[in-house]
Amino acid sequence: QVQLVESGGGLVQAGGSLRLSCAASGSIFRINDMGWYRQAPGKQRELVAAITSGGSTNYADSVKGRFTISRDNAKNTVYLQMNSLKPEDTAVYYCNVDRAYYSAYRYREVWGQGTLVTVSS
């Protein structure tokens, strides 16, 4: 089994910064794409940013230029640096691995437990 443990959420004023971390552990053979999603109250979960094992990145339009996703493949960890935070960034942020391989050919999708980010105005 592969588990994702997130950290780094909290309360911050508008314009401030936070850094989220997500570490994968367990029986890991290989991890492909990693990403961050968020879900605000009353809204659907949405992709915030994603990164491939090779380092290619993809961002939601709403966070481009403010958020940066990165990963440390040796540590199976993905990060989300969030700058210039806005109240509309308030949400529960979830780490995701779309294909966590636990053997050469077997994989499953894995989600973290979520970490709350609250941005006050």
Hey, any hits in segment 44-52 for a residue that's open to solvent by 50 Å² or more (accessible area, probe 1.4 Å) and touching a residue at least 40 places away in the same chain (Cβ under 8 Å)? yes
Say we look at segment 1-42 and pick out the residues that are touching a Gly at 6+ places or on another chain (Cβ under 9 Å) and β-branched (Val, Ile, Thr); which of these is most open to solvent (accessible area, probe 1.4 Å)? Val5
Among (1) modelled with pLDDT of 95 or more; (2) out of contact with any Phe, Trp or Tyr (no Cβ under 8 Å at 6 or more places or on another chain); (3) of a type in the set (D, E, K, R), the one test that Arg71 misses: (2)
Looking only at segment 54-76, filter to residues that are of a type in the set (Ser, Thr, Tyr) and without any contact (Cβ under 8 Å) to a residue 12 or more places away in the chain; which one of those is surrounded by the fewest Cβ atoms within 10 Å (Cβ to Cβ)? Ser56
Just checking, how many residues over segment 72-115 are outside any strand (DSSP E or B) and among the acidic types (Asp, Glu)? 2
Restricted to segment 77-117, and to residues that are within 26 Å of Leu11 (Cα to Cα), of a type in the set (Ser, Thr, Tyr) and touching an Asp or Glu at 6+ places or on another chain (Cβ under 9 Å), which residue is least open to solvent (accessible area, probe 1.4 Å)? Tyr93
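The values are calculated or read from the model by the stated rules, or taken from the named source; none is laboratory data. Since we're looking at a predicted model, the values are computed, not measured. So basically every Cβ, Gly included, is an ideal-geometry build from the backbone, and we count neighbours across all protein chains shown. With ligands, DNA and RNA removed, areas are computed over all heavy atoms of the protein, side chains included. Shrake-Rupley method; radii C 1.70, N 1.55, O 1.52, S 1.80 Å.
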